[in-house]
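These notes concern the structure reproduced below.
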Amino acid sequence: MAPLELQHRTVVVIGAGPSGAIAAALLKRRGHDVLVIERQRFPRFSIGESLLSHCLDFIEQAGMLEAVRAAGFQTKHGAAFGWGERYTEFDFRDKFTPGHGSTYQVVRADFDKLLADEAEKQGVEIRYEEEIVAADFDGPQPWLQVQRADGSGYRVEARFVLDASGYGRVLPRLLDLEAPSSFPVRRAVFTHIEDRIDDPRFDRDKILITTHPELRDVWYWTIPFSNGRCSLGVVAAAERYEGRPLDLDACLREFVGEAPNLRRILANALWDTPARLIGGYSANVKQLHGPGYALLGNAAEFLDPVFSSGVTIAMHSAGLAAGLLDRQLNGEPVDWAGEFAAPLKRGVDTFRAYVEGWYDCTFQNVIYYEHAQPEIRRMICSILAGYAWDENNPYVADPKRRLRVLAELCAPA
C-alpha cells in the first residue's frame, strides 16, 4: 500500500461553520496560512438560528459584517418570553454592556455558507467533503489523516489545529477527550413552517421563548425568518415525551396545542416540513486545549439551546483562539490555560448559571417578574444579548449568588 501524500500547512481548522470560518478569517487577515477541512458540502442544514448581539462583534472583526447586513436576514432586536397569558420582552438595544444591539435571525444553511464564502474571498482555502479519520499530537508536529469523498486520502502536518467541528466533535472523539455533561438528557423536536402570522402582538424582530403553561421545564422556540417562515421547536426532558405520539410532527403539534399563545399565533400556519429530533446534545470535554490544538465552540462544550448561546460561545472562542495563535506563531509565549480556557470558561459558566436557573424556575421567575428595576433588567438583557464575559456587569461577575438573591425577590407570593 502506497504511503499517503504528506502536506504541510501552518494552521488547519476542522469545520467551516461559524467558529471555523471566523477563526480562519481572523488568522488569514493577520497573514497566516490557513486550511479549513469540512466534512459536509455547504449549504447544509443546521439549527442555532437566533444570533445574539455579541456575535456581530466577531463577524465585524472578521470583515464580514457588511456581507451579513446585505444578505437580507431577519433583524432581531431582542427576546420575548410568554407563559400562559404573561408576556415580557427584552430589547438588546437597551442593555448594560456597550456593543451591538440589533442582530439577526438566520437560516443557518444560508448564513454558514455566507461566512465560509467570505472567508474564502479573504484567501482562506476550504476543502469540502473531506473527513478527519485520524489525528496524532504526540510527535514534533501535529498531523491529521484526511479522507476525501472519493475514498482517497492524505496526511497534513500543521503547526497548530483548531477544532471547530461542532457536534461532530472530531478531536474529542479521536483523542478521547469527551466528558459527560452535568445537564440532564433533553430532546428537541423542531421544524420549519410557513408561519402566516397575522397576530399584531407578535414581534418578528424578536425570538419568542414560550414556557409550557403547566410543565415549566418544557419550553418552545419560535424564530421568525425574513421569508415568512419560522423555526419552531419544543425542548423537554426525555420523560416528558412518554405517552405522546411517536410521529414527530404529531408530537410537536400536540405540544404546541398545549400553549395558548402559540395556538393563537400559529393558527394559520402551514406545516410543510417534516419535524426532526435531536437529543443528548449537551456535551463537555476533559480539556479545551493541548500541545498543538484548541477546541472551539460546540466541539468543546454545548450547554442548552434555551438562550441561543451556542453560536456566541463558538464565535467568542474563535476570537480568543485566533488572537492567541497569532501571537504564538509570531514567537510570543502564550498561556493557553490562563488566556484561553479560563476566560472562555468564565463566560460559559455565566450562561450555565442562567440555564440552570431557567430549568429550576428561579430565572424564569426573574424573567416574568412584572416590577423589575430598569437597571437590573438592562444587566440581565446584556447576558441575554450574549455579553456573558463583561465582568463590569454584577450579574456576570457573580452570577449564581446574584441570581439567587434576585430570584428570592421575584418569587411568586
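Report yes if PHE202 is in a loop (DSSP other than H, G, I, E, B) and surrounded by 16 or more Cβ atoms within 10 Å (Cβ to Cβ), otherwise no.
Yes; evaluated as a whole, the condition is true for this residue.
So, ASN268, is that one loosely packed, with under 14 Cβ neighbours inside 10 Å, within 23 Å of ILE223 (Cβ to Cβ), among the polar types (S, T, N, Q) and touching a residue at least 40 places away in the same chain (Cβ under 8 Å) or not?
In short, yes.
When only residues in the stretch 86-142 that are in a helix (DSSP H, G or I) and of a type in the set (Gly, Ala, Ser) count, which is farthest from PHE73 (Cα to Cα)?
Here the answer is ALA119.
Is it true that some residue in the stretch 49-70 is farther than 20 Å from TYR128 by Cβ, touching a strand residue (DSSP E or B) at 6+ places or on another chain (Cβ under 6 Å) and surrounded by fewer than 22 Cβ atoms within 10 Å (Cβ to Cβ)?
Scanning the stretch 49-70 turns up no residue that is farther than 20 Å from TYR128 by Cβ, touching a strand residue (DSSP E or B) at 6+ places or on another chain (Cβ under 6 Å) and surrounded by fewer than 22 Cβ atoms within 10 Å (Cβ to Cβ).
With the requirement that a residue be hydroxyl-bearing (Ser, Thr, Tyr) and surrounded by fewer than 18 Cβ atoms within 10 Å (Cβ to Cβ), what does the stretch 104-158 give you?
Hits for the stretch 104-158 are TYR128, SER152, TYR154.
So which residues in the stretch 291-318 are assigned to a loop (DSSP other than H, G, I, E, B), touching a Pro at 6+ places or on another chain (Cβ under 9 Å) and farther than 17 Å from VAL334 by Cα?
Within the stretch 291-318, ALA300 is the sole residue that qualifies.
Can you find a residue that is more than 28 Å from VAL189 (Cα to Cα), modelled with pLDDT of 95 or more and of a type in the set (A, V, I, L, M, F, W, C) anywhere in the stretch 37-49?
Checking the stretch 37-49: at least one residue is more than 28 Å from VAL189 (Cα to Cα), modelled with pLDDT of 95 or more and of a type in the set (A, V, I, L, M, F, W, C).
For TYR154, indicate whether it is within 14 Å of GLU38 (Cβ to Cβ) and of a type in the set (Ser, Thr, Tyr).
When the stated conditions are applied, TYR154 does not pass them.
Considering only residues that are within 22 Å of ASP349 (Cα to Cα) and hydrophobic (A, V, I, L, M, F, W, C), which ones fall in the stretch 254-304?
ALA283, VAL285, LEU288, ALA294, LEU295, LEU296, ALA299, ALA300, PHE302, LEU303
Within the stretch 388-411, is there a residue that is assigned to a loop (DSSP other than H, G, I, E, B) and modelled with pLDDT under 95?
yes
Going residue by residue through the stretch 365-383, is there one that turns out to be at pLDDT 95 or above, within 18 Å of VAL218 (Cβ to Cβ) and in contact with a strand residue (DSSP E or B) (Cβ under 7 Å, 6 or more places away or on another chain)?
yes
Tell me which residues, restricted to the stretch 360-388, are of a type in the set (Phe, Trp, Tyr) and either free of Cβ contacts under 8 Å to residues at least 60 places away in the same chain or surrounded by fewer than 21 Cβ atoms within 10 Å (Cβ to Cβ) (or both).
PHE363, TYR368, TYR369 - these are the residues of the stretch 360-388 that are of a type in the set (Phe, Trp, Tyr) and either free of Cβ contacts under 8 Å to residues at least 60 places away in the same chain or surrounded by fewer than 21 Cβ atoms within 10 Å (Cβ to Cβ) (or both).
Out of curiosity, is ILE47 on the phi < 0 side of the Ramachandran plot and over 15 Å from the mean Cα position of the chain (by Cα)?
Considered against the rule, which asks whether it is on the phi < 0 side of the Ramachandran plot and over 15 Å from the mean Cα position of the chain (by Cα), ILE47 comes out as no.
The conditions are (1) under 24 Å from HIS77 (Cα atoms); (2) in a helix (DSSP H, G or I); (3) without any contact (Cβ under 8 Å) to a residue 40 or more places away in the chain, and TYR354 fails exactly one of them. Which is it?
Status for TYR354: all satisfied but (3).
Which numbered condition in (1) touching a residue at least 40 places away in the same chain (Cβ under 8 Å); (2) assigned to a strand (DSSP E or B) is the only one that SER226 fails?
(2)
Tell me, which residue of the stretch 230-265 that is more than 26 Å from the chain's Cα centre (by Cα) and charged (D, E, K, R) is nearest to VAL218 (Cα to Cα)?
If we take residues in the stretch 230-265 being more than 26 Å from the chain's Cα centre (by Cα) and charged (D, E, K, R), then GLU258 is nearest to VAL218 (Cα to Cα).
Determine whether PHE190 is in contact (Cβ under 8 Å) with a residue 12 or more places away in the chain and assigned by TED's automatic domain parsing to the domain that holds VAL311.
For PHE190, the condition - in contact (Cβ under 8 Å) with a residue 12 or more places away in the chain and assigned by TED's automatic domain parsing to the domain that holds VAL311 - is not met.
Report, ordered by the first and then the second residue, all pairs with beta carbons closer than 9 Å, sequence separation of six or more or different chains, a first member in the stretch 278-290 that is part of a strand (DSSP E or B), and a second member that is of a type in the set (Ser, Thr, Tyr) and modelled with pLDDT under 80.
Final answer for the pair search is ALA283/SER181; ASN284/SER181; ASN284/SER182.
The values are calculated or read from the model by the stated rules, or taken from the named source; none is laboratory data. On a predicted model such as this, the values are computed, not experimentally measured, just so you know. Cβ sites come from the backbone with ideal geometry, for glycine too, and all protein chains shown count toward neighbours.
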